[in-house]
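What follows is a short report on a single structure.
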Amino acid sequence: MADDPEPLLDAGDIQGNILPGFNRNEQYFVAFSCDNKEALQNALAALRPRLTTLLTALDHRDERKQAFKAGFGRPRRGDLWLNLALGPRASDALGAGTVRVLDQAFDTGMKANITGDPTATKLTDGTPNPAHRDNWAVGSRSKPVDLFLIFAHDQNIEEEAEPIVEQASVLLGAAPNYREKAAVLPGGIEHFGFRDGVSQAGVRGYIREGELKRLLTTRYGVPSRNGIDFGKPGQPLVWPGQFLTGQPNYLGDNPGLTPEFSNGSFLVFRRLSQDVAAFDSDTVVMARELSEASGQPISPEELRARIVGRFRSGAALMRHEQDPGQAEGPDEINYFAFGIEEPSIVLADGTAVKGSPADPDVLRGRRCPVWSHIRKVNPRDLVTDISDEPQTLRFQMLRRGIPFGLPYDRENPESAENQKERGLLFLSYQRSIENQFSNLNRRWMNSATGPQAGGFDLLVGQAVGEDSGLYDSKSALFFRPSPTGDEIGTPVNSPRQWVTPTGGAFLFAPSITFIDTFAPARVA
Amino acid sequence: MFSYAPPANLDDLAGRPTRAAFLNAWHAHIKGDFDREIANAPLFFSEVSNSATSADLPVAWNAFPLALKRRHPNDTVARWNAADQLGTTDLSTNGTPLPMPFRRQDEYCEWFAYPSSDGQSIGRIVFTAEAPEYWIELARHDFDRVVELYQRHVSSQVVPDDLRLKQDISFGNGVLKKGTYNPYNAWNASQGVMHLTHPANTLGAEINLAARATVPRKDVTGKRITEARRLACGSNFGDPNRSSDPNIGLGVNLTAFSAATGATPQSITLANPVALYIDRIAPGVITDENDNPLPGWFKIVRGTTGRGLMAVLEPPAGATFGLDKVQVLGRKLTHGGQVAEQIQMVLYAKTASLGHPAPPLESCVAHCCRPDTPIPTDQVNLAHTEASDSCSGATPKDAFPELTGGAAGPAGAGGPAAAPALKPSRKLTRLASDG
């Protein structure tokens, strides 16, 4: 299958945060409400020359790879990058109502019945519920996101981006209703302290660079398994139609979309606030209760790793029984499955990669709990309540999240900075919000029984009381790691919600051709 | 003394003189199903012989037919419509065709949308996970009670003769005689729903699947099969096109004998009471037109949450509007299938360490064939085929040639099969998958 012809992608037509992702040190997010056709056309036409495409972003990925191999840090660039996305009102205003037809969830909007967010507008004390859409910092019903700008730079992002924001404001006749800076945290962690964004699918296809064709995802000589091919070890390859409109989902597939609607992607934007103090303190209590109830000591840090499915370094529980204390390399960090053993292999360049064991009791999840975050959102080789491994692979999204807010100072828990809001700006690109984000979020993260029964995703899953519309505590069943004995399990409960949505929108990131078609360049 | 209880511990004959005999007969029925399977599956056991030592181990799946999703991947309305079409199956006992109606809803959950009183919209939708065997056995012992239950849950217009067979029909390996309970009666097919009708939606099929799935299998290279559809195809259990059967099968297979090096086998059984259950509906997906959730509209009316046998979506007492003003995931409710897509099904297994040695990997006893299209195998429906038969007709390609080496059977391709050659157990599932 690795020799199959793959599609040639137009690298100058696809926005670069979709593929291969911006991955710069800082990003700046700006939202506008505007459904005036002429204003939108003027703004898009003005922004069009500044948009960063796949070609430029891929060039930067190559620089990062070279720097990594040479043992250098992340390279810095001096150019400002920009991508944009539209809400349904904007695509309608531009005369592109077809976009709504391409995705049901985009059409209906980010409603609680899709996201599983709380439905009560007020908390029990009568104050506004910040997790309810009406009270969100961005994307509330009163301030819909019609135009969404994503800037990227390696330093001074606000200073670099603001002149363009100002220009867009003038053309739109509206000030932004949301501005937020985000920045990569040292070590590539999220605010709870775990390395993030580790696992991503690889995308099939070529692009043209001058006279040459190159693969979008490098193949390292990883053996195929059950019909699934890989780029790096543990990086399955999928067809670009999983993320891009108008692109094939398999060899011979022809989605039949016209060029202006092709090469776009549906963007899920979620502003997720993280309560680090609650995560830290609750897991101490939970670990103590679990130790007492199960008769086996478990430290708060061990419990946290089980909640995530990885240690803080990003090392997976399926590869390491104890925290190795340092990050594995890109050839190893994702090389694991849950139900089966991954064999040790030698890559095409001669690099030896150590294999990983299977869970000795996969329905109970002794080595890596059924309810650990990484198993919830990507059960890999396992069957699920919906289907099997190839189908699970089709649910995967291109995740482009980045933290916002200052790092939590664990040395000085009472510091004033710790009282400020922090979290993750979750961004994912996909072809179908309903089949991808919605399945992973609603059916799996927010469920005690999907993809396999055994408990909630304690890290980010949302359990909302049917009558109260507010968060309930979440529970899961912990089994001791030994392969025999403990067939009963011990309940573990997280009393509070550590990650809450405080903004978001379902958007469409169009192709350059779309913008040229619906917002052609203005004659001076 | 251990005794198999009715599904969800239902006590439909409470206070009636028929109760004791029925409970004995039900225990004997389930025990018989287990006894038939245990001989060929050393890691499968019955609690009649050995106690399970674990807590219930749930295995969950989605209630909407995955086979129909594969057939209509981009057209939700088409697949909802397809799910509402009745199929027919020939249940003749004498060679003269005898088509009987059944629902093409093959994930052990079936539903029926009853019209509103004005006939203009859906009035209520009833979902069932109750196996036909239970109703056949119940009717054998207390036909009057069956009629009462139909009158309560289906229609007050049901009369005894509506529920009686007009002629003999085949059912499983036996025959249901004229004048006895008709599991395919109109009130359970074209006019309503009381229990499952799809020929593969039976408790016997569940027990057969769980037993066969305990056997670890290898492909022709000797490599253990650990992928769900390949295991279903090679083991000849269930239907590889469902979300339920391959999911249950691989879960059982890897639990009985983990793929981890040096794994200790566990014996496995289905938890008492043995049944397939409606677990729950995804929270918050049923709303009014203003996106407000509608708690209390979907409720289990037979069984309990987590062990539901019949569920109803209908306006509760005092509601000011009906299902015509209800949305599922923000979309107007028009089909029962919309709701089924949000329902989670579940069965419960249990384990015990009974000291069995690590079982040998058995060769495959069947394979699967697929259409000759460029569409990837995971997105097409497969046809279960005996190991000795080649792929042909509408499904000319071997979906997983490594199972039996293509057309060759296990003896020719992967060495002699240690397990007895088993005939495909659920050929009728193809009616749902490909009909």
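Taken together, the values in this text are just the output of simple stated rules run on the coordinates, not laboratory data. This is a predicted model, so every value here is computed, not measured. Cβ placement follows ideal geometry from the backbone for every residue including glycine, while neighbour counts extend to all protein chains displayed.
Odds and ends about this structure:
- Shape of chain A from the C-alpha gyration tensor: oblate (a/c of 1.5 or more and a/b not above b/c, with a ≥ b ≥ c the square roots of its eigenvalues).
- Inter-chain Cβ neighbour count for B:247-259, averaged per residue, equals 5 (cutoff 10 Å, partner chain atoms only).
- For the peptide B:318-331, the mean number of other protein chain Cβ atoms found within 10 angstrom of a residue's Cβ is 2.
- In a DSSP loop and with at most 16 other Cβ atoms within 10 Å, there are no GluC sites (Glu not before Pro) in the range B:313-388.
- Each of A:SER482, B:SER388, B:VAL193 was scored by the projection of its Cα onto the charge dipole of the protein assembly as shown, and the greatest displacement toward the positive side belongs to B:SER388; charges sit on the C-beta of Lys, Arg, Asp and Glu.
- Cα-based helix-to-principal-axis angle, B:19-38 vs chain B, degrees rounded to 10: 30 degrees
- Hits among lysines - C-alpha to C-alpha of B:LYS299 under 21 Å, sequence gap 8 or more where chains match: B:LYS325, B:LYS332
- In terms of its C-alpha gyration tensor, the protein assembly as shown comes out prolate, because a/c is 1.5 or above and the ratio a/b outweighs b/c.
- Three-way shape call for the range B:154-309 based on the alpha-carbon gyration tensor, with the a/c threshold at 1.5: oblate
- Separation of the range A:172-241 and the range A:417-449, taken as the distance between their Cα centroids, equals 17 angstrom.
- Relative contact order of the range B:1-119: 16 percent, from C-alpha pairs under 8 Å at least 6 residues apart in sequence.
- Relative contact order of chain B, pairs being alpha-carbon contacts under 8 Å that are 6 or more residues apart, as %: 21 percent
- Those lysines that a straight Cα-Cα span of less than 21 Å connects to A:LYS354, excepting residues fewer than 8 apart in one chain: A:LYS69, A:LYS232, B:LYS223
- Rounded to the nearest 20 debye, the dipole size of chain B about its Cα centre is 380 debye, using +1 on the Cβ of Lys and Arg and -1 on the Cβ of Asp and Glu.
- Rounded to whole Hz, the Karplus (6.51, -1.76, 1.60) HN-Hα couplings of the range A:256-261, x for glycine and proline: x, 8, 6, x, 5, 9
- Dipole magnitude of the range B:262-402 about its Cα centre (Cβ charges: Lys, Arg +1; Asp, Glu -1), debye to nearest 20: 560 debye
- Cβ neighbours within 10 Å from other chains - mean over A:390-403: 1
- Residues whose amide H comes within less than 5 Å of that of B:GLU362, counting only those at least five positions distant or on another chain, are B:ARG217, B:LYS218 (H built at 1.01 Å from N in the peptide plane).
- When the protein assembly as shown is described by a simple charge dipole with +1 on each Lys and Arg Cβ and -1 on each Asp and Glu Cβ, the residue from A:GLY193, A:GLY126, A:ASN493 located farthest towards its positive end is A:ASN493.
- Each residue of the range B:263-269 is assigned a 3J(HN,Hα), and the resulting list reads 5, 9, x, 10, 7, 9, 9 Hz, derived from the Karplus form 6.51 cos²θ - 1.76 cosθ + 1.60 (θ = phi - 60°), x at Gly and Pro.
- Cα-Cα over 26 Å, subset of B:LYS69/B:LYS177; B:LYS69/B:LYS397; A:LYS474/B:LYS350; B:LYS218/B:LYS397: B:LYS69/B:LYS177
- Span from the the range B:333-394 Cα centroid across to the the range B:254-287 one, whole angstrom: 16 Å
- Relative contact order of the range B:238-316, defined on C-alpha pairs under 8 angstrom at six or more residues apart (%): 19 percent
- Using θ = phi - 60° in the Karplus curve 6.51 cos²θ - 1.76 cosθ + 1.60, the 3J(HN,Hα) couplings for the range A:340-345 round to 10, 7, 9, x, 5, 9 Hz; x is entered for Gly and Pro.
- Unit charges at the beta carbon, dipole of chain A: most positive-side option, A:PRO403, A:PRO20, A:VAL276: A:PRO20
- All lysines inside 18 Å of A:LYS122 as judged from Cα atoms, apart from same-chain residues fewer than 8 positions distant: A:LYS111
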